[in-house]
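The values are calculated or read from the model by the stated rules, or taken from the named source; none is laboratory data. All figures in this text were calculated on a predicted structure; none of them were measured in a lab. When we count neighbours, we look across all protein chains shown, and the Cβ atoms used for this are built from the backbone with ideal geometry, even at glycine.
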Amino acid sequence: MSELTSYPIRKLLDHIYGGQIRVPAFQRGFVWDADHVAHFLDSIYKGYPFGSLLFWLTQGRLLSERKLGPFDLPAPHERYPVTYVLDGQQRVTSLFVTFQTEFVQPADPDWRSIYFDLAAPDNAQQSQFVALKPSEVDQSAHFPLNCLFDSVAYRLASARFTREREIRKIDRLHSVFKEAQLPIQMMETEDRATVAIVFERINRMGVELTTLELLSAWTWSEDFDLRNKLEVLQEELENFSFGDIGSDPNLVLRCCAAILKGDPSVEVLIDLDGAEIRDNFERVENGIKGAIEFLKKQLKVATIKTLPYPLMLAPLSVYFAVPGEGLRITPERETRVLKQWFWRSCFSERYSGQSVRAARIDVTEMQHLREGRPSALGSFQVDIAEHFFLLTDFRINSAKTATFVTMLAQFNPRSFISGSFVDLERVLQAYNKAEFHHIFPRSYVEKLEERPRYAAFVNSLANFCFLSRADNNKIRASAPSQYRRLMPSDSDALAMILESACVDELVFEDDLEKFLRARVAKLTEKAYQLCGVDPAVPHRRLRQSDVAGFTASAG
């Protein structure tokens with residue numbers, strides 16, 4: 001796939017003049033200053049190793065390319081392959097800006113031309129090349145390098161030096177650069193995935209390019225900029241309070257990959273032709289927007305932070321990825337299947353570790369469901385052990401906590417003292433611990449004689465509920481039987497508050513152990529119901545017919 005070859009500098013210049021050697025847009029810009037260029041040329045002159053260049057030879061030209069330093073390159077011949085610089089852009093550009101004579105040098109007050117200092121001592125350490133502004137040039141000591149490959153200019157520049165010692169130095173300078181060979185590793189392939197891997201590896205010690213940067217370069221056209229499209233999409237998602245999705249650009253790319261390739265692995269996008277992404281981006285937008293609208297309206301997932309496993313967005317986007325304006329309307333039965341898949345995925349921790357394998361399976365089943373074919377979406381085992389609620393501490397950044405909070409949100413929780421509905425939109429968008437509080441206050445438990453027994457459970461999920469700061473300030477360290485007096489006296493109003501929090505009235509008996517057992521049982525029952533599983537028959541493998549073994553056209 002690759003071979004080691006070499007170019008004389010003259011050949012490199014000719015290929016650049018002809019438009020054959022080019023710089024891909026995913027390369028970063030030319031950053032060397034003139035002093036750095038002079039140091040590099042000194043290394044060539046003294047025969048020091050300066051590393052090989054890596055070129056990629058391909059028949060297909062990229063839609064987006066960089067200038068070579070300050071120069072716009074001519075278009076290549078249509079029938080000739082194109083050579084892209086994958087590694088060595090700084091060195092290639094340095095040679096070109098130093099020796100080229102055909103292009104007009106753009107005005108740059110900071111740029112300095114490179115000269116050979118005839119008066120500099122010939123030793124291993126000190127550079128014999130200097131970067132100078134016109135006013136700094138000593139015509140009797142500084143020889144311009146930009147004339148070495150222009151025979152007429154070379155004769156004129158060397159004519160003013162008459163001393164034998166100077167003539168020998170100039171002749172040697174000319175000979176060294178005309179005969180210098182640039183070591184080049186030439187990679188010939190049309191497989192862009194391989195190019196992406198190679199480029200990522202050679203940049204691993206520096207600043208790596210993201211897949212988004214590579215894709216943006218390969219899909220760019222005058223009327224399509226992938227990065228700009230994703231920025232606009234992110235702004236639109238802010239209306240859904242999902243603007244923070246942009247904090248993980250790979251998540252959006254996973255959604256793209258799932259929709260366009262049926263595989264949520266970002267790497268598969270490298271194989272796509274740019275036109276495929278451009279022509280199908282509307283489907284991508286509809287898929288992500290539809291998935292987020294479903295999460296918000298049907299499941300009360302307010303932000304990406306409250307989505308227990310962000311990768312779940314990828315297969316869900318596949319279901320909503322349809323062309324045309326407007327979002328897909330979800331039939332009632334398919335809505336039920338999607339919701340059950342969501343809860344089973346959460347409680348089974350199916351996406352723990354961002355499992356791409358699970359996502360691939362679900363992507364396929366989402367496609368079947370959308371197309372009206374038999375789908376096994378969600379037909380996997382879910383076994384909700386009591387320790388899910390009892391032995392898991394409430395931690396905002398935990399997937400289990402996000403699952404628990406989202407579950408409680410399904411029951412339209414009311415605040416304990418006021419009885420008013422919790423403002424879920426505000427609370428979940430903020431998503432911090434200030435709006436979630438202990439049912440048995442921690443300060444109260446710390447005063448109990450049995451405190452050592454209860455220490456491990458006071459912060460468990462089972463001891464948390466939605467509670468406004470105002471109500472929490474009223475409760476403080478009170479026992480439940482004490483703050484019961486602050487709650488509505490009307491039994492129906494009280495029952496609605498407790499039911500919305502999945503809490504029984506036995507909480508007011510002030511027995512933490514008894515309360516936790518009862519609440520864990522209630523939470524587990526509710527969790528199974530959300531999963532579409534009969535709580536009385538929990539530990540079994542779900543059959544496809546229990547979940548989604550139907551077609552959209554079924555009765």
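What the table below lists for this structure:
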{"read-out": "Residue match in the stretch 466-489 (condition: closer than 30 Å to Ser348 by Cβ, in contact (Cβ under 8 Å) with a residue 12 or more places away in the chain, under 34 Å from the mean Cα position of the chain (by Cα) and surrounded by 13 or more Cβ atoms within 10 Å (Cβ to Cβ))", "value": "yes"}
{"read-out": "Scan of the stretch 461-484 for residues that are among the aliphatic types (A, V, I, L, M) and part of a helix (DSSP H, G or I), ordered by number", "value": "Leu461, Ala462, Ala470, Ile475"}
{"read-out": "Hey, Leu118 aliphatic (A, V, I, L, M), buried (at least 18 other Cβ atoms within 10 Å of the Cβ) and out of contact with any Ser or Thr (no Cβ under 7 Å at 6 or more places or on another chain) or not", "value": "yes"}
{"read-out": "Failed criterion for Asp273 (all others in (1) within 30 Å of Lys300 (Cβ to Cβ); (2) at pLDDT below 75; (3) not aliphatic (A, V, I, L, M) hold)", "value": "(1)"}
{"read-out": "Test result for Val445, at pLDDT 85 or above, assigned by TED's automatic domain parsing to the domain that holds Glu525, crowded, with 20+ Cβ neighbours inside 10 Å and more than 24 Å from Cys346 (Cα to Cα)", "value": "yes"}
{"read-out": "Filter result (outside any helix (DSSP H, G or I), under 29 Å from Met312 (Cα atoms) and not polar (S, T, N, Q)) within the stretch 422-446", "value": "Val422, Asp423, Tyr431, Phe436, His437"}
{"read-out": "Search result, residues across the stretch 490-540 that are in a loop (DSSP other than H, G, I, E, B), exposed (fewer than 14 other Cβ atoms within 10 Å of the Cβ) and at pLDDT 90 or above", "value": "Asp490"}
{"read-out": "Residue identified as assigned by TED's automatic domain parsing to the domain that holds Arg28, under 14 Å from Ala38 (Cα atoms) and hydroxyl-bearing (Ser, Thr, Tyr) among Thr83, Thr98, Thr162", "value": "Thr98"}
{"read-out": "Tabulated pairs, the stretch 226-242, first closer than 14 Å to Thr303 by Cα and in the same structural domain as Arg278 (by TED's automatic domain parsing), second at pLDDT 70 or above and aliphatic (A, V, I, L, M), C-beta under 6 angstrom, 6+ apart or interchain", "value": "Phe240/Ile292; Ser241/Ala302; Phe242/Ile292; Phe242/Ile304"}
{"read-out": "Condition met for Arg79 (basic (Lys, Arg) and either in contact (Cβ under 8 Å) with a residue 12 or more places away in the chain or closer than 29 Å to Ser127 by Cα (or both))", "value": "no"}
{"read-out": "Every residue from the stretch 136-177 that is surrounded by fewer than 17 Cβ atoms within 10 Å (Cβ to Cβ) and among the basic types (Lys, Arg)", "value": "Arg155, Arg160, Arg163, Arg165, Arg168, Arg172"}
{"read-out": "Residues within the stretch 337-359 that are at pLDDT 95 or above and surrounded by fewer than 22 Cβ atoms within 10 Å (Cβ to Cβ), tallied", "value": "1"}
{"read-out": "In the stretch 38-93, the residues that are closer than 17 Å to Ala25 by Cβ, crowded, with 19+ Cβ neighbours inside 10 Å, of a type in the set (Phe, Trp, Tyr) and touching a helix residue (DSSP H, G or I) at 6+ places or on another chain (Cβ under 8 Å)", "value": "Trp56"}
{"read-out": "Single unsatisfied condition, Ala124 versus (1) free of Cβ contacts under 8 Å to residues at least 40 places away in the same chain; (2) over 19 Å from Lys67 (Cα atoms); (3) surrounded by fewer than 16 Cβ atoms within 10 Å (Cβ to Cβ)", "value": "(1)"}
{"read-out": "Unmet criterion (only one of (1) of a type in the set (A, V, I, L, M); (2) at pLDDT 90 or above; (3) buried (at least 24 other Cβ atoms within 10 Å of the Cβ)) for Leu299", "value": "(3)"}
{"read-out": "Single match in Ile44, Ile16 (criterion: of a type outside the set (D, E, K, R), within 15 Å of Gln100 (Cα to Cα) and assigned by TED's automatic domain parsing to the domain that holds Leu145)", "value": "Ile16"}
{"read-out": "Tally of residues being outside any loop (DSSP other than H, G, I, E, B) and either free of Cβ contacts under 8 Å to residues at least 60 places away in the same chain or touching a Leu at 6+ places or on another chain (Cβ under 6 Å) (or both) across the stretch 367-409", "value": "7"}
{"read-out": "Looking only at the stretch 302-353, and only at residues there that are hydroxyl-bearing (Ser, Thr, Tyr) and in a loop (DSSP other than H, G, I, E, B), the one that is farthest from Asn432 (Cα to Cα)", "value": "Thr330"}
{"read-out": "Check on Leu494, assigned by TED's automatic domain parsing to the domain that holds Leu408 and closer than 30 Å to Lys339 by Cα", "value": "yes"}
